[in-house]
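See below for the structure under consideration.
The values are calculated or read from the model by the stated rules, or taken from the named source; none is laboratory data. Not measured: the values here are computed from a predicted model. As a convention, Cβ positions derive from the backbone with ideal geometry for all residues, glycine included, and neighbour counts pool all protein chains shown.
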Amino acid sequence: MSLALLSLDGLSLNYGTVPAVRAVSFDLHPGETLSVVGESGSGKSSLIRTALGLVPPTAGTVRFDGRGLGDLRGREAKAFRRDAQMIFQDPAAALSPRMTVRSLLAEPLRIHGVAEWDAWPGVLDLLRRVGLPESVLDKHPHQISGGQARRVGIARALVLRPRLLVADEPTAGLDLSVQGDIVNLLVDLQRDFGLTILMVSHNLDVVRAMSDRVLVLYLGRAVEVGPAEHVLDAPAHPYTRALLAAVPRFDPGNRHRAPPLPGEVPSPRTPPSGCAFHPRCPLSDARCRAEEPAEHTLTDGRRVACHKPLLASLAAA
Ligand code: SF4
């Protein structure tokens with residue numbers, strides 16, 4: 001397999017003494033899409049911010065194209081900031097209301113010293129690819145629709161032709177039909193530009209449509225990581241099953257029917273003993289309450305942190 005473009009190894013992030021991300025590891029290979037799912041408060045945003053180098057990790061490493069982010073200086077650090085771009089969840093907050101779309105698209109070029117007159121034909125091509133007319137160029141963000149603003153955010157992220165695109169809830173707040181358009185657009189752009197995508201989404205329809213692999217995060221820890229079709233069709237962790245059970249159409253055959261997810265993600269300030277999911281888990285027992293489960297690799301390659309994974313037939317010897 002090719003060298004991972006993005007590699008997290010034992011990545012942890014604390015805010016003061018409060019853990020937000022706990023020893024998360026994964027490799028993301030060129031052209032892949034990995035989605036991080038979990039409830040609010042699971043640490044998804046902290047994870048992607050750390051993976052992008054926006055906040056330094058408390059422990060562990062992030063490597064991009066084989067180089068540790070902490071080792072990058074000067075031109076290498078600038079090249080990383082060019083190669084790794086982000087689509088923000090709230091374009092209204094991410095796009096300056098004082099700037100026109102033209103200025104918003106030109107700004108990354110200026111910051112990275114790219115000659116605008118050389119790059120502008122490519123920007124116009126990008127505008128067309130994201131489905132926006134040139135007439136939006138002289139408009140301000142408040143003069144265009146939410147769907148158009150999302151497309152401007154995508155175009156702005158791609159102006160520098162990055163290799164890694166980090167998409168934070170790329171369809172949040174959009175109408176259903178627009179959500180589908182944005183998913184199709186991202187799939188097309190990934191194919192056309194050879195993008196590698198790290199995505200965070202609450203929307204499991206979007207996750208299913210776009211992902212090669214899925215990482216399920218609970219209280220900052222990766223509790224299940226594996227191929228999307230395995231994790232979404234036959235979850236091995238009780239939390240993944242409960243998360244999916246909240247979306248009925250993911251269980252059309254009633255094969256993995258489970259009760260809805262009770263309670264809320266506990267506070268990371270006072271995490272439960274043993275398995276952090278035990279207060280909400282229908283399979284919890286004394287061992288779960290006392291002992292934090294180690295991560296196991298199942299025979300289908302997925303990694304699961306649970307004393308009693310649901311797919312016992314796949315348990316590693
Ligand atoms: S370790 Fe126990 S409490 Fe935790 S998810 Fe597995 S069965 Fe449930």
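Let's see how each residue does on (1) modelled with pLDDT of 95 or more; (2) of a type outside the set (A, V, I, L, M):
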| site | (1), (2) |
| --- | --- |
| SER96 | no, yes |
| ALA115 | no, no |
| LEU132 | yes, no |
| LEU164 | yes, no |
| GLU169 | no, yes |
| LEU174 | no, no |
| ASP181 | no, yes |
Open item on the list: Scan region 304-311 and tell me whether some residue there is at positive phi, assigned to a loop (DSSP other than H, G, I, E, B) and either surrounded by 19 or more Cβ atoms within 10 Å (Cβ to Cβ) or more than 8 Å from the ligand (Cβ to nearest atom) (or both).
Closed with: no
TODO: Note down all Cβ pairs under 9 Å where the first residue falls in region 289-301 and is farther than 21 Å from LEU219 by Cβ, the second is assigned to a loop (DSSP other than H, G, I, E, B) and near the ligand (Cβ under 8 Å from one of its atoms), and they're at least six residues apart or on different chains.
DONE: LEU298/PRO309
- [ ] Any chance you could count how many residues in region 44-91 are buried (at least 19 other Cβ atoms within 10 Å of the Cβ), touching an Asp or Glu at 6+ places or on another chain (Cβ under 9 Å) and more than 18 Å from GLU169 (Cβ to Cβ)?
- [x] 3
TODO: At least 3 residues that are touching an Asp or Glu at 6+ places or on another chain (Cβ under 9 Å) in each: list the helices (runs of 4 or more DSSP H) lying fully within region 177-247 that qualify.
DONE: 228-233, 238-245
TODO: Restrict the check to region 13-35 and report whether at least one residue is surrounded by fewer than 16 Cβ atoms within 10 Å (Cβ to Cβ), assigned to a strand (DSSP E or B) and among the hydrophobic types (A, V, I, L, M, F, W, C).
DONE: yes
Open item on the list: Can you tell me which of (1) crowded, with 23+ Cβ neighbours inside 10 Å; (2) modelled with pLDDT under 90 is the one GLU224 doesn't meet?
Closed with: (2)
Open item on the list: So in region 48-85, with the set limited to residues that are of a type in the set (Gly, Ala, Ser) and in contact with a Lys or Arg (Cβ under 9 Å, 6 or more places away or on another chain), which one is farthest from ILE111 (Cα to Cα)?
Closed with: GLY53
- [ ] Could you tell me whether ASP205 is away from the ligand (no atom under 13 Å from the Cβ), surrounded by 15 or more Cβ atoms within 10 Å (Cβ to Cβ) and either assigned by TED's automatic domain parsing to the domain that holds GLU169 or modelled with pLDDT under 90 (or both)?
- [x] yes
Task: Filtered residue count, region 37-67, keeping only those that are assigned to a loop (DSSP other than H, G, I, E, B) and among the polar types (S, T, N, Q) - done: 3
